[in-house]
Amino acid sequence: MLKVTDLSVNYDMIQAVKNISFEVNEGEIVTLIGANGAGKSTILRTISGLVRSGSGDMTYRGKDITKAAPQKIVEQGLIQVPEGRHVFKGLTVQENLDLGSFTRKDKENVNADLDHVFERFPILAERKKQDAATLSGGEQQMLAMGRALMSKPKLLLLDEPSMGLAPIFIKEIFRIIEDINKQGTTILLIEQNANVALQVADRGYVLETGKIVLTDTGKNLLKSDAVQKAYLGG
Ligand code: ATP
């Protein structure tokens, strides 16, 4: 579904991503794990068209998206959920969700999808008239995901959904991620929290300073000595 080949990304003098290749097949949850500064967010932003690659190719559902505009990428159902706090503050929960469906052509299905989002995240239904700025961290993460679901994603890119959340919220968010996947959305997830990410992922890639150093199934990576030592304190 998504194929990234020999991708490099530079910020001025810094090479943040170095010749990486990976793929996400339809129906999978794939995770990229790595420490601060490993290049995870840069990779997601490059796929979304928000950062330009220095070299390499990216294809999505068979089409080259290496130089595509972010708007065109979104229209094809490749949707990024930014780190939790990037909801539109000063707008209500409902208005944030409405923005998610803004580019959709099938307006007749929007209301039914809104009902699904409220079923999945009952707290958002309760708070729909509330300013998004006043939601808790976990609620803002749910809103960011709800907004993404309103744009009917085929492939969802999740940027550190566990960031800053209490363990109980992390569990809840990851349960919802698995559920969204089971209902047919493919997921690429980046995380510093290797433990939770590898538990839900079919496959994972370990990033170190812009390079992929290891790849395997989520289960095998969770057990591997290298991952245990580097990320799980074991
Ligand atoms: P974190 O988990 O801390 O968010 P990350 O793995 O997502 O880290 P990136 O944010 O992709 O890492 O950053 C990779 C490298 O690129 C870092 O060294 C960072 O300082 C650098 N970098 C990121 N964005 C920029 C930018 N806009 N300009 C210059 N350097 C940048």
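Those residues that are among the β-branched types (Val, Ile, Thr) and open to solvent by 10 Å² or more (accessible area, probe 1.4 Å), I need them from region 1-28; list them, please.
Selection gives Thr5, Ile14.
All but one of (1) within 12 Å of the ligand (Cβ to nearest atom); (2) touching a helix residue (DSSP H, G or I) at 6+ places or on another chain (Cβ under 7 Å); (3) part of a loop (DSSP other than H, G, I, E, B); (4) not polar (S, T, N, Q) hold for Gly49; which doesn't?
Answer for Gly49: the failing condition is (1).
Applying the selection to region 8-39, what residues are touching a residue at least 24 places away in the same chain (Cβ under 8 Å) and in a loop (DSSP other than H, G, I, E, B)?
Across region 8-39, the qualifying residues are Asn25, Glu26, Gly27, Glu28, Ala35, Asn36, Gly37, Ala38, Gly39.
Tell me yes or no: at least one residue of region 135-142 is among the hydroxyl-bearing types (Ser, Thr, Tyr) and under 20 Å from Ile43 (Cα atoms).
No, because not a single residue in region 135-142 is among the hydroxyl-bearing types (Ser, Thr, Tyr) and under 20 Å from Ile43 (Cα atoms).
Please determine whether any residue of region 170-193 is more than 21 Å from Ser151 (Cα to Cα) and among the small types (Gly, Ala, Ser).
no
Determine, yes or no, whether Ile65 is under 20 Å from Ile180 (Cβ atoms), under 18 Å from the mean Cα position of the chain (by Cα) and either open to solvent by less than 50 Å² (accessible area, probe 1.4 Å) or within 16 Å of the ligand (Cβ to nearest atom) (or both).
So Ile65 fails the test.
Can you pull out the residues in region 1-41 that are within 8 Å of the ligand (Cβ to nearest atom) and farther than 15 Å from Asp57 by Cβ?
Tyr11, Asp12, Ile14, Ala16, Gly34, Ala35, Asn36, Gly37, Ala38, Gly39, Lys40, Ser41
Which condition from (1) within 16 Å of the ligand (Cβ to nearest atom); (2) under 20 Å from Ser151 (Cα atoms) is the one that Gln71 breaks?
For Gln71, the failing item is (1).
Test Thr42 against the stated conditions and say whether it is of a type in the set (Ser, Thr, Tyr) and outside any loop (DSSP other than H, G, I, E, B).
Yes; evaluated as a whole, the condition is true for this residue.
Of the conditions (1) open to solvent by 30 Å² or more (accessible area, probe 1.4 Å); (2) under 17 Å from Leu155 (Cβ atoms); (3) out of contact with any helix residue (DSSP H, G or I) (no Cβ under 7 Å at 6 or more places or on another chain), Ser55 satisfies every one except a single condition; which number is it?
Condition not satisfied by Ser55: (2).
When you scan region 143-234 for strands (runs of 3 or more DSSP E) that lie fully inside it, which ones turn up with 2 or more residues that are open to solvent by less than 10 Å² (accessible area, probe 1.4 Å), touching a Leu at 6+ places or on another chain (Cβ under 9 Å) and away from the ligand (no atom under 16 Å from the Cβ)?
So the answer is 155-159, 186-191.
Among residues belonging to region 80-126 that are within 16 Å of the ligand (Cβ to nearest atom) and open to solvent by 50 Å² or more (accessible area, probe 1.4 Å), point out the one that is nearest to the chain's Cα centre (by Cα).
Here the answer is Glu83.
The values are calculated or read from the model by the stated rules, or taken from the named source; none is laboratory data. Keep in mind that this is a model prediction, so the values were computed, not measured. FYI the Cβ positions are ideal-geometry reconstructions off the backbone, even for glycines, and counts take in every protein chain you see. Quick note on the areas: whole protein, heavy atoms, side chains included, nothing else; ligands and nucleic acids left out. Shrake-Rupley method; radii C 1.70, N 1.55, O 1.52, S 1.80 Å.
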